[in-house]
Amino acid sequence: MDVVVPTAVDVIHITQDLAELPSVGGVSSFVNEFDKKVINIKIIVEGADINYKSLEKTIAAHGGAVHSVDSVAAGKQIVEDVKTPQD
């Protein structure tokens with residue numbers, strides 16, 4: 001997810017709060033851009049049967065918002081991204 005939060009937000013704290021949600025197996029956060037007012041963070045969440053609304057609610061509790069969801073994988077087997085003729 002591409003997430004935007006106020007600069008006052010502690011990236012470690014929001015990452016830990018997301019990791020504590022039921023069915024979340026792990027979370028990685030990468031700061032992409034740090035501005036005067038906001039931080040743009042790439043957040044990767046893994047787990048089984050993740051509740052997206054819970055993720056949004058947790059991010060909102062920190063004053064942030066999901067800007068976009070850039071990738072989703074589902075099913076019994078993960079399908080890796082590969083280069084195709086359309087690329």
- Among Thr7, Thr84, rank each residue by its count of other Cβ atoms within 10 Å, from fewest to most, as a rough exposure measure. Thr84, Thr7
- Rounded to the nearest 20 Debye, what is the dipole magnitude of the chain about its Cα centre when Lys and Arg each give +1 and Asp and Glu each give -1 at the C-beta? 160
- Among Ile14, Gly63, Ile41, pick out the residue whose Cα is farthest towards the positive end of the charge dipole of the chain, where Lys and Arg carry +1 and Asp and Glu carry -1 on C-beta, about the Cα centre. Gly63
- Query: In sequence order, what are the phi-derived ³J(HN,Hα) couplings for the stretch 70-87 according to the Karplus relation 6.51 cos²θ - 1.76 cosθ + 1.60 with θ = phi - 60°, rounded to whole Hz, with x for glycine and proline?
  - Reply: 8, 7, 9, 10, 8, x, 6, 9, 7, 9, 6, 6, 10, 6, 10, x, 5, 7
- Message: 5 Å is the cut-off here: which amide hydrogens, built 1.01 Å from N in the peptide plane, fall below it relative to Leu21, excluding neighbours closer than 5 in sequence?
- Response: none
- Got the relative contact order for the chain handy, in percent, Cα pairs under 8 Å and 6 or more residues apart? 37
- Between the residues Ser29, Val5, Gln86, the Cα farthest towards the positive end of the dipole of the chain, that dipole coming from +1 and -1 charges on the beta-carbon of Lys, Arg, Asp and Glu, is from Val5
- Item | Quarter of Cα convex hull surface for the chain, i.e. mean projection, nm² | 6.6
- Task: Using the Karplus curve 6.51 cos²θ - 1.76 cosθ + 1.60 with θ = phi - 60°, work out ³J(HN,Hα) for each residue of the stretch 11-20 in order, rounded to whole Hz, and write x for Gly and Pro.
- Result: 4, 5, 5, 5, 5, 5, 5, 5, 5, 7
- Taking neighbour counts of Cβ atoms within 10 Å as a proxy for exposure, in what order, fewest first, do His67, His62, His13 appear? His13, His67, His62
- Message: For a quick check: with amide H placed at 1.01 Å from N, whose amide H comes under 5 Å from Gly63's, ignoring anything fewer than 5 positions away on the same chain?
- Response: none
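Each value in this text was obtained by applying a stated rule to the coordinates, not by laboratory testing. Everything numeric in this text was worked out from a predicted model, so none of it was measured. As a convention, Cβ positions derive from the backbone with ideal geometry for all residues, glycine included, and neighbour counts pool all protein chains shown.
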